[in-house]
Every structure is written in structure tokens, then in C-alpha cells.
Amino acid sequence: MTKITVEYKRQLKWRNWQSYINKLPISQSELILDLGCGTGDVSSLLAKKASKVIGIDFNKELIEFAQIENQQSNVQYICKDLKKIDEIGLSKVDGIWSSFSVAYFPDFVPVLREWLKLLKPNGWIALVEVNDLFAHNPIDYEIRKTFNSYYELQRQNNIYDFEMGKKLKNYLANENVKIEFEQNKQDKELVFDGIADYEIIDAWENRLDRMNMLRDFFGDERFAMAKQQFLETLQLDNHKCETQINFIVGRK
């Protein structure tokens, strides 16, 4: 396994995906799309409750891992840009699942419309996304201000929207999708108060080390300082988290 697949597998135990799937209006006869399927772990869970799951991801490495580690008779994995899934020639599906992928499309409306074209009338769509990833306090005001400036730059450059989570409901409603369920989820790694254990600190450090654009934005010296303070914050008794993981289920 490569470093990124190792990290994704480690994160799996902190996500509690079954608590999400239990809220889906899914039936055994359904064809489901998992858009941004990554290593295929959620695809595999969905497959236990559906007739067939098609997992799609743009990352070839993750798809190849999914085909080895999470292959089942009723799961198919495809490597494809999620903005271009119309090119695959898929049949209409009963449900769409997408977790931690929507933020990679800051201009989400045209992408969402393409996804919804693949959804049968009365089909369901479930989206999971983080909102304000670095909202862990207490942290220096200037560091927080720089995080916010970085959010804005990434959004303006159409790279990533760090505040996508709070926008999901309106995006769906504006496309006439009826919201059936919404919840802000807890998460042992991303959304928690108080002192983090060593493994979670290590996961955050690895995440920060992978964020080369964030490092370039801060500059090496200031990034090192911000990283140290952020990791120290996660180890404080009075650590408070304002990050959200937004979970929305709607019906077409």
C-alpha cells in the first residue's frame, strides 16, 4: 500500500460510515453510484444493501486499491473524472452517494446537474462534506486569518471549497431536490472537543504535511509555526472544535 492508501484505511475507523448508511432510503433491488469512492470501503458497505454499486474516482491508484481490497461480485470500479461521468454511458440509477468529494468542485452547480441527470425520478442522493476543516480553537488570530485567506484563494482558483459542507442543502434545494434528512455528524478525527490521542495527532500531522499548497501559501517558516500550534491545540483540555461534517439526504 502507498502512503495515501494507508492513511485512508486508518481514517476508516474514525468515520463510522455505518451510522450514515443506516439513514439512507436504500433497498436491496437498487443500483447505486458511489462518486469519489476512493479505496472502495463505503462502496463495499453499500453493496451489502443494494443490488449493484458502481464506484467512480479520478485517482487511478485508489481505484486499483479498491479493485483488490474491496472487490465484490456486485461492485464495479471505474476511474473517471467526476465532472465527466456522462461520458461513461451509465444507466439511470436509484441512488447516488458522495462523501468528501464535493468540495473538490467549488463551482458545483454544473457538476451536480450532470449527476442528477443519472438519477431516476424519485431517486435519492446523499452528500457528505466537511465545513471549515481548521476551525479548532484556541489558535492565534493571525494564523486563523491566514487559513481563511487560503480558503478564499482555493475557492477562487476553483481548486477546493473548504466551506462546502454548509452549502450542500441549498445546492440540492435549488435543483428541486427535496431534503429528507440532514445531520451534523461527529467524527473522532475531524470533529471533536478536548484532547486528541496520539494516533489522531499523527494523522493530522500527515495531512498537513501533504498540503503543499498550504505550505507555499504560508511560507516554510510560518507554516512550521502554524502546524506546531495547530497540533498543540488538538492536545489541550480546552480545545473546542467548530468544524462540521454535513450529511444531507435528498430525493429527486
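Each reported figure results from applying straightforward, stated rules to the coordinates on display, with no laboratory input. Keep in mind that this is a model prediction, so the values were computed, not measured. No Cβ is skipped: glycine too gets one built from the backbone with ideal geometry, and neighbour counts run over all protein chains shown.
Arrange 92, 52 by Cβ neighbour counts within 10 Å, fewest through most, would you?
Values: 92 11, 52 19.
In increasing order of surrounding Cβ atoms, one gets 92, 52.
By its C-alpha gyration tensor, with a ≥ b ≥ c as the square roots of the eigenvalues, how is the stretch 1-107 shaped: rounded for a/c under 1.5, else prolate for a/b larger than b/c, else oblate?
Numbers: a/c = 1.37, a/b = 1.11, b/c = 1.24.
Note, shape of the stretch 1-107 comes out rounded.
Can you list the aspartates and glutamates whose alpha carbon is less than 16 Å from that of residue 178, not counting same-chain residues fewer than 8 positions off?
94
For residue 80 paired with residue 208, estimate the spin-label separation in nm (one decimal), with each label point 7 Å from Cα along the Cα-to-Cβ line.
So the label points at residue 80 and residue 208 sit 3.9 nm apart.
Under the rule a/c < 1.5 gives rounded, and otherwise a/b versus b/c splits prolate from oblate, where does the stretch 171-244 land using the Cα gyration tensor?
Details: a/c = 2.95, a/b = 1.57, b/c = 1.88.
Taking the square roots of the gyration eigenvalues as a ≥ b ≥ c, the stretch 171-244 is oblate.
For residue 225 and residue 4, calculate 0.36 nm times their separation in residues minus their Cα-Cα distance, and state this gained length in nm to one decimal. Walk me through the numbers on the way to the answer.
Values: separation 221, 0.36 × 221 = 79.56 nm, distance 2.44 nm.
Stretched out fully, the residue 225 to residue 4 stretch lengthens by 77.1 nm.
Using modelled amide H (1.01 Å from N, peptide plane; none on Pro or chain starts), what sits under 5 Å from the amide H of residue 239, excluding residues fewer than 5 places away?
The answer is 194.
Within the chain, what's the longest stretch lacking GluC sites (Glu not before Pro) that sit in DSSP loops with no more than 15 other Cβ atoms inside 10 Å?
On the way: sites that count: 175, 242.
After excluding every exposed loop site, the longest remaining stretch is 1-174.
Once all Cα-Cα distances of the stretch 52-126 are split into 10 Å bins that start at 0, what whole-number percent is in each one?
17, 52, 29, 2
In nm, what is the difference between 0.36 nm times the number of residues separating residue 61 and residue 216 and their Cα-Cα distance?
Working: separation 155, 0.36 × 155 = 55.80 nm, distance 2.54 nm.
This chain segment gains 53.3 nm when fully extended.
From the phi of every residue in the stretch 199-209, what ³J(HN,Hα) in whole Hz does the Karplus formula 6.51 cos²θ - 1.76 cosθ + 1.60 yield, where θ is phi - 60° and glycine or proline is x?
Result, rounded to whole Hz: 5, 6, 4, 5, 5, 5, 4, 5, 4, 4, 5.
Just the Kirkwood number for the stretch 42-193, please: inverse of mean 1/r across all distinct Cα pairs, in Å, one decimal.
Numbers: mean 1/r = 0.0579 Å⁻¹.
One decimal place: 17.3 Å for the Kirkwood radius.
Read phi for every residue in the stretch 63-70 and hand back ³J(HN,Hα) as whole Hz from Karplus 6.51 cos²θ - 1.76 cosθ + 1.60, θ = phi - 60°, with x for Gly and Pro.
5, 4, 5, 4, 5, 8, 8, 10
Which whole-Hz ³J(HN,Hα) couplings does the stretch 143-160 yield from phi under the Karplus relation 6.51 cos²θ - 1.76 cosθ + 1.60, θ = phi - 60°, glycine and proline marked x?
Along the stretch 143-160, the couplings run 5, 4, 4, 5, 4, 5, 5, 5, 3, 5, 4, 4, 5, 4, 8, 6, 9, 6 Hz.
Between residue 179 and residue 159, 0.36 nm times their residue separation minus their Cα-Cα distance comes to what?
Details: separation 20, 0.36 × 20 = 7.20 nm, distance 2.71 nm.
Working it through step by step, the gained length comes to 4.5 nm.
At 7 Å along Cα-to-Cβ for each site, give me the label-to-label distance between residue 21 and residue 198 in nm.
So the label points at residue 21 and residue 198 sit 3.2 nm apart.
Could you tell me what percent of the DSSP beta bridges with both partners in the chain are antiparallel, to the nearest 5?
Roughly 50 percent of the beta bridges in the chain run antiparallel, per DSSP.
Nothing charged except the Cβ atoms of Lys and Arg (+1) and of Asp and Glu (-1): what's the magnitude of the dipole of the chain about its Cα centre? Round to the nearest 20 debye. Walk me through the intermediate numbers first.
Working: 34 positive and 38 negative charges, 219 e Å.
So the dipole magnitude of the chain works out to roughly 1040 debye.
Given H placed 1.01 Å from N in the peptide plane, which residues other than close sequence neighbours of residue 181 have an amide H under 5 Å from its amide H?
It is 249, by chain and number.
Please report how far the C-alpha centroid of the stretch 198-213 lies from that of the stretch 129-154, rounded to the nearest whole angstrom.
15 Å
Over the stretch 3-251, what is the mean sequence separation of C-alpha contacts under 8 Å (at least six apart), divided by residue count, expressed as relative contact order in percent? Can you show the working numbers first?
Numbers: 416 pairs, mean separation 51.8, N = 249.
The value is 21 percent.
Using modelled amide H (1.01 Å from N, peptide plane; none on Pro or chain starts), what sits under 5 Å from the amide H of residue 78, excluding residues fewer than 5 places away?
Here the answer is 55, 56, 57, since their amide H atoms fall under 5 Å of that of residue 78.
For the Cα atoms of the chain, what angle does the longest principal axis make with the long axis of helix 220-233, in degrees from 0 to 90, nearest 10?
For helix 220-233, the angle is close to 80 degrees.
Which of the trypsin sites (Lys or Arg not before Pro) across the stretch 136-224 are loop residues per DSSP, with 16 or fewer other Cβ within 10 Å? Present the calculation step by step, with values, prior to reporting the outcome.
Numbers: sites: 144, 145, 155, 166, 167, 169, 178, 185, 188, 207, 210, 215, 222; in loops: 188.
Qualifying residues, ordered by number: 188.
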